[in-house]
Amino acid sequence: MKKNVLSARKCLQAVVPYQPGKPIEEVQRELGLKDVIKLASNENPLGPSAKAMRAAEKAVAAAAMYPDGSCYRLRHALAKFYDWNPEGIILGSGSNELLLLLGQAFLNPGDEVLTSQMSFAVYPAVAQLAEARFVATPMREFTFDLKALSKAVTDRTKIIFIANPNNPTGTMVSPTELEKFVRRVPASCLLVLDEAYYEYTDPLWRPDSLSWVLRQPNVAVLRTFSKAYGLAGMRVGYGLVSPEVAHAVERVRAPFNVNHIAQEAAMAALADSLHVKRSVALARREREWLTVHLGKYGFEAVPSQTNFVFANVPRGTGQTWFAELMKHGVIIRPMPGPYVRITLGTRDQNERLIEAIKAIQNSSFNV
Ligand SMILES: Cc1ncc(COP(=O)(O)O)c(C=O)c1O
């Protein structure tokens with residue numbers, strides 16, 4: 001007789017739970033360290049804008065009420081900011097939720113989800129949760145290879161994810177190459193341009209992605225308040241999409257997916273362009289400084305357009321460097337093989353990282 005046991009959906013067997021950066025408190029507890037810094041989750045070292053903090057504090061007073069499920073005011077603030085139809089804006093608990101919602105809204109079992117290897121860890125889960133096939137083409141020089149991606153498109157391809165800039169490598173694709181790629185995407189396939197790090201990029205490398213959404217309703221652009229706006233803990237991401245895509249997402253979205261405090265903080269953050277400017281300037285300055293100083297200790301950083309750098313370690317593996325740096329109170333993100341990903345901190349934090357690397361290099365420990 002068949003045993004009556006509870007089993008989760010079969011497709012979950014393939015899903016690897018998302019591994020967040022190691023929390024500061026966990027390292028303090030485990031290693032008995034007091035002073036720990038985290039350069040592991042691409043957060044903004046300047047924190048949120050003071051205006052966003054004040055808006056959040058004020059919003060707590062309404063915590064007994066359900067939030068505005070349609071995010072009316074935030075949606076209209078974004079519409080004004082981008083000169084965009086409010087009907088073509090989707091909001092989520094981080095752009096992470098939007099990635100999952102797009103999967104739920106568009107994928108049928110057996111469809112294909114196409115992206116590149118060494119890209120954002122959530123993309124495979126989007127496919128697996130929908131019983132779709134995950135297809136990832138190799139990178140070229142740590143960058144999405146659009147030719148390889150083009151060749152891998154089949155009539156089963158339903159969603160293509162392009163992280164531009166890419167996480168974890170920090171690279172961008174050329175805007176002209178991307179435009180050619182976008183024009184060739186079949187109308188039946190949703191192309192998601194994941195632009196979580198958009199604000200940090202060199203303006204000359206920025207694609208004209210919003211005009212492509214207007215031209216092709218199967219193109220979606222995702223951005224977030226988690227990075228340059230410094231609100232990762234509030235969880236607000238948004239998509240600039242066609243009304244067709246927005247209507248589909250509306251059907252799978254939980255009723256109050258962005259809370260009231262987050263909505264108010266995001267609105268205030270959007271209006272504080274000076275804070276974004278400062279955050280971007282800090283990242284640009286520290287990117288140069290850290291690249292040079294990492295180089296002195298044999299770490300080769302891939303040129304980045306983001307608030308983090310991806311680097312090849314001089315010996316050992318990413319994992320061994322992660323473990324050693326943790327003993328010095330510095331949390332970075334290990335990557336498979338000889339790679340690490342390091343979020344750009346303040347100058348003090350980055351100097352602390354370099355000091356720790358120096359100490360490890362000078363120690364007898366064989367990393
Ligand atoms: C490429 C990319 N997309 C999406 C996200 C999700 O960000 P959030 O959910 O905080 O908006 C991240 C976060 O690190 C990312 O790197």
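The values are calculated or read from the model by the stated rules, or taken from the named source; none is laboratory data. In this text, all values refer to a predicted model and were calculated from it rather than measured experimentally. For neighbour counting, all protein chains shown are included, and Cβ atoms are generated from backbone atoms with ideal geometry for every residue, glycine included. Side chains included, ligands, DNA and RNA excluded: accessible areas come from the protein's heavy atoms. Shrake-Rupley method; radii C 1.70, N 1.55, O 1.52, S 1.80 Å.
Taking the 1.4 Å solvent-accessible surface of segment 52-271 as the whole, the part contributed by carbon and sulfur is 56%.
Around residue 191, under 11 Å between beta carbons, what's the net of Lys plus Arg minus Asp minus Glu among the other residues? Residues close to residue 191 contribute a combined charge of +2. Residues 83, 202, 35 ordered from highest to lowest accessible area at a 1.4 Å probe: 83, 35, 202. Here the simple spin-label model places points 7 Å from the Cα toward Cβ, and for residue 300 and residue 134 these points are separated by 2.8 nm.
Note on exposure: 321, 84 ranked by accessible area (1.4 Å probe, complete protein assembly) read 84, 321, with the most exposed listed first. Diffusion coefficient of the chain by Stokes-Einstein, Kirkwood radius over Cα pairs, 20 °C, 1.002 mPa s: 99 µm²/s.
Mind giving me the nanometre distance, one decimal, between the label points for residue 11 and residue 327, set 7 Å out from Cα along Cα→Cβ? Modelled inter-label distance: 4.4 nm. Relative to the current alpha-carbon distance between residue 244 and residue 54, full extension at 0.36 nm per residue lengthens the span by 64.8 nm. Note on residue 156 and residue 254: the extension gain reaches 32.5 nm, defined as 0.36 nm multiplied by sequence separation minus the Cα-Cα distance. Normalised Debye scattering of segment 1-139 at q = 0.14, 0.16, 0.17 Å⁻¹ gives log10 I(q)/I(0) of -1.07, -1.19, -1.22, counting only Cα atoms as equal scatterers and leaving out solvent. What is the angle, in °, between the Cα long axis of helix 347-362 and the longest principal axis of the Cα atoms in the chain? Nearest 10 is fine, range 0 to 90. It is inclined by approximately 50 degrees.
Pair-distance distribution of segment 222-367: all C-alpha pairs, bin width 10 Å, starting at 0; shares per bin in whole percent are 10, 32, 25, 20, 10, 2, 0.
Between helix 94-106 and the chain there is an angle of about 40 degrees, using the helix long axis and the longest principal axis of the Cα atoms. Relative to the Cα centre, the charge distribution of segment 52-271, modelled as +1 at Lys and Arg Cβ and -1 at Asp and Glu Cβ, gives a dipole magnitude of about 60 debye. Judged by the mean number of other Cβ atoms found within 10 Å, the most tightly packed of the peptides 226-233, 154-161, 322-329, 55-62 leads the ranking 226-233, 154-161, 322-329, 55-62.
A full extension of the chain between residue 277 and residue 148 corresponds to an added length of 42.9 nm, given 0.36 nm per residue minus the alpha carbon distance. 3J(HN,Hα) along segment 275-290, derived from phi through the Karplus expression 6.51 cos²θ - 1.76 cosθ + 1.60 where θ = phi - 60°, amounts to 5, 5, 4, 5, 5, 5, 4, 4, 4, 4, 5, 6, 4, 5, 4, 5 Hz, with x in place of Gly and Pro. Amide H contacts for residue 134 (H built 1.01 Å from N in the peptide plane; partners 5 or more residues away or on another chain; cut-off under 5 Å): 113.
Taken per residue, the accessible surface of the chain reaches 48 Å², heavy atoms only and a 1.4 Å probe.
Reducing segment 62-124 and segment 186-242 to their Cα centroids gives an inter-centroid distance of 10 Å. What you get for the chain, charging only the Cβ of Lys and Arg (+1) and of Asp and Glu (-1), is a dipole of about 400 debye around the Cα centre. Note on the chain: dipole from Cβ charges, positive end direction compared against 196, 316, 290; the farthest Cα belongs to 316. Summarising the amide proton neighbourhood of residue 308: residues at separation of 5 or more, or on other chains, whose placed amide H is nearer than 5 Å comprise 344.
Can you give the Rg to Rh ratio for segment 219-270, taking only C-alpha atoms and Rh from Kirkwood?
Taking Rh as the inverse mean 1/r over Cα pairs, Rg/Rh reads 0.99.
Between residue 351 and residue 3, the C-beta separation translates, for a Förster distance of 41 Å, into a calculated FRET efficiency of about 0.10.
Mean silhouette area of segment 12-93, derived from the convex hull of its C-alpha atoms and averaged over all directions, reads 10.0 nm².
State which entries of 10/227; 38/296; 22/358; 22/277 exceed 32 angstrom in Cα-Cα distance in the structure shown.
From 10/227; 38/296; 22/358; 22/277, over 32 Å: 10/227.
Computed over the chain, the per-residue total of -39500 (n - 2.57) for DSSP H runs of n ≥ 4 gives a 222 nm mean residue ellipticity of -12000 deg cm²/dmol, rounded to 500. Within a straight-line Cα-Cα reach of under 20 Å, residue 58 can be paired with the following aspartates and glutamates, leaving aside sequence neighbours fewer than 8 residues apart in one chain: 68, 264, 272. Looking at segment 52-271 alone, DSSP beta bridges between its own residues are antiparallel in about 35 percent of cases. With both labels modelled 7 Å from their Cα along Cα-to-Cβ, the residue 34 to residue 202 distance reads 4.4 nm.
Here the convex hull built on the C-alpha positions of segment 52-271 has a volume of 111 cubic angstrom per residue.
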